[in-house]
Each structure stands twice: as C-alpha cells, then as structure tokens.
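What follows is a single structure, written as structure tokens, with notes after it.
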Amino acid sequence: MIAPFLVPYLGSTMANTDSARKRSRQAEKQRRHNSGLRSTLRSAIKDVNKAISAGDKDVAKQALSRSSSIVDRIADKKIIHKNKAARHKSRLAAAIKAMAS
C-alpha cells in the first residue's frame, strides 16, 4: 500500500532535461509496443490451450507449430526471456503429447 502522504507526489516527477524528456517519450512508446507483443504471445498460447481442451490432437499440433514461431519471435526481441519461451513451448508440447490419440 502507498502511504497517503506520498499520493500527491507520485505523478509530479517530471523529466527536467531535454534528453530525459526524449527518453521518457521513447520509453512510453516502447512500453506500448511491448504490451502489444505480450498480448500476441498470450493469445497464441491460449489458442493452443483451446485446441487441447477441444481434444483434437491434429488441430492442437498445428496451433503449437504456429504459436512456437510467435513465442520464439517474441523471445528474440527480449520481450520475454528465452528460458520462459522454452518453458511455454515445452509445457504445451507435453500437454499435446499426453492427449489421447
């Protein structure tokens, strides 16, 4: 919890130099871009999980193939760590392997 006496000051920190203002603008732009990529990642994982829930192994394999590419692309851009990407892919592949044929 935030101390009540700090609330008026939280939004009042502003960049003072031109370079700091520029970095602030760049950081905000990058944050919005990264947010969109994280959303794409979550959607790709959800697509595979939906296919697994539906019980269709072939559709799930195709969804995994598509989502693996997306996960790797996002890891290459350092939006998520490469080990996290590998963990996601591994768990999805294991879930598909565990499905009844």
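Of all residues being among the hydroxyl-bearing types (Ser, Thr, Tyr) and more than 20 Å from the chain's Cα centre (by Cα) in segment 42-101, which is most open to solvent (accessible area, probe 1.4 Å)? Just the residue, please.
101
Take segment 1-23 and flag every residue that is open to solvent by less than 90 Å² (accessible area, probe 1.4 Å), outside any loop (DSSP other than H, G, I, E, B) and either at pLDDT below 90 or among the hydrophobic types (A, V, I, L, M, F, W, C) (or both).
6, 7, 20
The values are calculated or read from the model by the stated rules, or taken from the named source; none is laboratory data. Being a predicted model, the structure only gives us computed values, none of them experimental. Side chains included, ligands, DNA and RNA excluded: accessible areas come from the protein's heavy atoms. Shrake-Rupley method; radii C 1.70, N 1.55, O 1.52, S 1.80 Å.
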